[in-house]
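Written below as structure tokens is the structure these notes are about.
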Amino acid sequence: MNWTKTQISIAGIVAITSFLSTFLISSVNIALPAIEKDFAMNAITLSWVITSFLLATAMFLLPMGRLGDLTGIRRMFKTGLVIFTLASLLCGLAVSGTWLIVFRFLQGIGAALTSTTGPAILVAAFLPQHRGRVLGISVSAVYLGLAFGPFAGGILTQFLGWRSLFLLAFGAGSIAVLITFFFLGKDEFTAKANHKIELKGTLFYMLALVMLLYGSSRIPDTLGWILMAGGVVSMMVFWWMETRSAMPVINTRLFTENRLFAFSNLAALINYSATFAIVFLLSLYLQKIKGLSPSDAGLILIAQPVVMALFSPVAGRLSDRIQPRYLTTAGMSMCTIGLVAFSTLSATTPTGIIVAILVWVGTGFALFSSPNMNTIMSSVSKTQLGIASGSAATMRVVGQIVSMTIATLFFAAMFGSQTVEAVPESLFIQTTQWAFISFSVISVFGIYLSYNRGVMERE
């Protein structure tokens with residue numbers, strides 16, 4: 001396949017932004033103790049350094065995807081990249097924990113704009129038979145960010161301080177901004193009508209995410225359950241209003257009438273809900289039960305994202321030749337088997353076995369992710385590419401939140417007010433096993449959705 005300079009630039013720009021977003025998520029986790037010390041933040045406030053970014057991303061993905069379809073996806077991408085880059089600088093210069101959380105929220109908005117339009121720009125720039133290949137490159141960049149973040153973040157934090165993470169993101173983002181404005185060009189298509197969207201439903205959508213996320217952090221308190229229930233009701237109101245709106249943020253018919261689109265998105269939601277907490281649980285297990293240092297634990301955990309990065313482009317290329325549902329079904333099946341294997345962890349489980357399972361799950365995730373994204377982007381018309389990529393990105397972020405919520409619920413139910421360090425090893429292992437069993441059950445539904453989504457028509 002011969003790519004033009006413009007196509008190479010577009011693929012590179014989207015890959016860089018995909019990398020930066022996940023790099024910061026994984027690297028900032030390593031820097032949290034240093035941030036806590038600098039700003040004297042308590043545990044709950046410190047968690048919002050991560051949560052505010054995810055919340056902002058989830059809140060703005062869908063509405064910005066729709067707005068991108070109406071005003072231009074390339075314009076939206078440029079705006080998001082500028083916001084993300086400037087917010088990175090502000091994070092690096094933050095004078096308090098509160099301002100850092102505010103700037104992280106702003107950074108999440110920028111990430112939402114690039115995440116929701118990046119895949120749409122790739123799809124529009126390449127021929128249909130090459131979609132899987134280029135989307136695989138983008139997905140691979142995501143996993144490289146996840147893999148590279150803990151090691152680079154640890155080194156930078158140790159020798160240059162946690163602020164260097166955000167300043168590095170600012171430098172890389174600045175280069176990406178220059179390349180973007182030079183090579184990306186203007187939108188070839190802009191909707192001629194309905195340049196408005198109905199924002200009333202969007203407010204309920206955003207409110208629902210805030211209530212669900214904050215409520216999950218307060219469980220098992222009564223307030224937490226009330227907030228969670230309120231979030232569910234708000235989400236139902238949002239769906240009801242969107243169904244009846246003449247200018248909706250999301251076309252609900254895509255979910256009710258387009259089986260391929262709906263099942264592929266739900267499969268993505270389930271996949272991330274079942275697998276995102278793997279690293280979180282294993283990181284605690286390796287350090288508490290196996291007694292490994294953070295760097296040694298990170299060296300083991302890198303196995304999964306590295307395999308994802310290596311095989312995602314291969315899986316994407318295969319999805320251009322054979323029906324993606326066969327690849328996604330195989331991938332979900334491998335993830336399910338891996339989760340079942342993790343549910344048997346004990347204090348004597350060899351480290352080599354853990355690495356082998358991580359490689360297995362990483363291969364399964366690679367087989368699922370790129371072909372699934374190819375299916376989502378190929379199931380809609382060109383005028384709906386922004387909302388399609390926004391929907392897929394929303395499924396990813398919401399799935400991540402659901403996965404962490406499930407893990408937190410098990411910790412709250414089994415540990416009570418104890419810290420992880422104070423919990424007996426036997427109780428910790430039992431809790432981890434039950435969490436992985438739950439993830440395994442969830443993953444089975446992903447197998448069903450992957451296989452029964454239908455046949456993807458080639459253009």
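Read the figures in this text as sums done on the coordinates, not as results from a lab. These figures come from a predicted structure and were not determined experimentally. Neighbour counts run over all protein chains shown; Cβ positions are idealised from the backbone, glycine included.
How many nm is it between the label spots at Ile175 and Gln430, if each spot is 7 Å from the Cα in line with the beta carbon?
5.2
Can you run phi through the Karplus equation (6.51, -1.76, 1.60; θ = phi - 60°) for the stretch 115-122 and list ³J(HN,Hα) in whole Hz, with x for Gly and Pro?
5, 7, 10, x, x, 5, 5, 4
Among Asp320, Asp296, which comes first, then next, by fewest other beta-carbon atoms within 10 Å?
Asp296, Asp320
Hey, of (i) 143; (ii) 184; (iii) 132, which did the structure itself give for volume of the Cα convex hull per residue in Å³ when calculated?
Derived directly from the coordinates: (iii).
Give me the extension gain from Lys37 to Arg321: residue separation times 0.36 nm, minus the current Cα-Cα distance, reported in nm with one decimal.
Additional length available on full extension: 97.0 nm.
Within the stretch 304-340, name every residue whose backbone N is under 19 Å away from a label modeled 7 Å from Cα of Ile353 along the Cβ vector.
Answer for the stretch 304-340: 304, 335-340.
Relative to the longest principal Cα axis of the chain, at what angle does helix 351-378 sit, 0 to 90 degrees, rounded to 10?
Long axis of 351-378 versus the principal axis of the chain: about 20 degrees.
Could you sort the peptides 71-80, 366-375, 402-411 by per-residue average Cβ neighbour count (10 Å cutoff), highest mean leading?
366-375, 71-80, 402-411
When the distances between all Cα atoms of the stretch 1-190 are binned every 5 Å from zero, what whole-number percent does each bin get?
Bin by bin from 0 Å, the calculated values are 1, 9, 17, 21, 20, 14, 9, 6, 3, 1, 0.
Mind running the shape call on the stretch 219-362? Use the C-alpha gyration tensor, a ≥ b ≥ c as the square roots of the eigenvalues: rounded below 1.5 for a/c, prolate if a/b tops b/c, oblate otherwise.
oblate
If you stretched the chain out fully between Tyr448 and Val314, how much longer would it get, using 0.36 nm times the residue separation minus the C-alpha to C-alpha distance?
The Tyr448-Val314 span can extend by a further 45.9 nm.
Rounded, prolate or oblate: pick one for the stretch 223-264, where a ≥ b ≥ c are the square roots of the eigenvalues of its C-alpha gyration tensor, a/c under 1.5 means rounded, and failing that, prolate if a/b is larger than b/c, else oblate.
Note, shape of the stretch 223-264 comes out oblate.
Would you mind classifying the stretch 225-299 by shape? Square roots of the alpha carbon gyration tensor eigenvalues, ordered a ≥ b ≥ c; an a/c under 1.5 is rounded, otherwise it is prolate if a/b is larger than b/c and oblate if not.
In terms of gyration-tensor shape, prolate.
For Leu223 and Ala422, calculate 0.36 nm times their separation in residues minus their Cα-Cα distance, and state this gained length in nm to one decimal.
Extra length from Leu223 to Ala422 when fully extended: 69.0 nm.
Sum up the lysine pairs in the chain that clear both bars: alpha-carbon distance under 25 Å and a spacing of 8 or more or different chains.
13
Can you figure out the FRET efficiency of Val441 with Thr71, using R₀ = 30 Å and their beta-carbon distance, to the nearest 0.05?
The calculated FRET efficiency here is 0.10.
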